[in-house]
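Accompanying notes for the structure given below.
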Amino acid sequence: MGRMSLAQSHNPAENTGAALELLDVLCTLLLGAEDELNGLDRAIGDGDHGGNLARASRSLSELRPELAELSMGEAVTRAGRAVVMSVGGASGPLYGTLLMEMGKALPDEPGPGDWAAAFAAGVDGVARRGRSAEGDKTMLDVLAPASRALSEEASADLHEALAAMRAAAEDGFETSRGLRAKRGRAAYVGERSVGHDDPGARSALLCVGAVADFLGENKG
């Protein structure tokens, strides 16, 4: 039997287990991408984006036994708080806020529409926390279009919704390359940021792709 979809079970404990399995996938991914993300950040920032996300991943791995005792929404919220507390720079507060706001919006037995609404709440939280908007050359250039696509396709076939989310994230990432950074350390390099991949947008794209793969492979 394959792994379960996050929206498949009516058992809250199983839902938490599935969410933590996805969290494990994301942590492994970000640990493996540490050097790539640091390299992107060195070009237009301070070079620590990959290291900060690797630190967050290790923190969440250590927290996993505690998270397993919580409901899914509580576990996602607690994971977000841990990221905010354990990681410096901009990435910790922003990714932590994404998780916290998603966790607060999730019911115990979420359907596709609930996940779309939770993702939207998380993205709104990132925008507020970072005082940024789509077009500022940040992770929002990936997360915002991905969230809109998922919301628009939430009632469609799961694979269609995930494909739309991934495509929107990829388009947003490609568009962000040509933008001038308006937030974070990259804003200080001015026009030199144009043509460079934003590390936050890249890490967001990696995460959106991993979520799409996980849910697509494990449809009930």
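At a 10 Å Cβ-Cβ cut-off, how would you order His49, His196, His159, fewest neighbours first?
His159, His196, His49
Just the C-alpha atoms of the chain: what Rg/Rh do they give, with Rh taken as the Kirkwood radius?
Ratio of gyration radius to Kirkwood radius for the chain: 0.95.
Would you mind ranking Ser176, Ser132 by Cβ crowding within 10 Å, fewest neighbours first?
Starting with the residue having the fewest Cβ neighbours, the order is Ser132, Ser176.
Points 7 angstrom from Cα along the Cβ direction at Asp171 and Asp35: gap in nanometres?
With each label point 7 Å from Cα toward Cβ, the separation is 3.5 nm.
For the modelled label position 7 Å from the Cα of Leu158 along Cα-to-Cβ, which residues of the range 187-216 have backbone nitrogen atoms closer than 18 Å?
Within reach of a label on Leu158: 208-216.
Within a Cβ distance under 15 Å of Leu29, other residues only, what is the Lys/Arg minus Asp/Glu net charge?
Taking every other residue near Leu29 into account, the sum is -3.
Name the residue farthest towards the positive end of the dipole of the chain from the options Val87, Gly17, Thr175, assuming +1 on Cβ of Lys and Arg, -1 on Cβ of Asp and Glu, about the Cα centre.
Highest projection toward the positive end goes to Val87.
Net charge within 13 Å of Pro199 by Cβ-Cβ distance, Lys/Arg positive one each and Asp/Glu negative one each, not counting Pro199 itself?
Charge balance near Pro199 sits at -3.
Run the simple label-point estimate for Lys104 and Val194 please: 7 Å along Cα→C-beta, distance reported in nm.
Placing both labels 7 Å along Cα→Cβ, they lie 3.9 nm apart.
Can you put Leu150, Leu31, Leu206 in order, fewest other beta carbons within 10 Å first?
Leu31, Leu206, Leu150
Read the figures in this text as sums done on the coordinates, not as results from a lab. All figures in this text were calculated on a predicted structure; none of them were measured in a lab. Neighbour counts run over all protein chains shown; Cβ positions are idealised from the backbone, glycine included.
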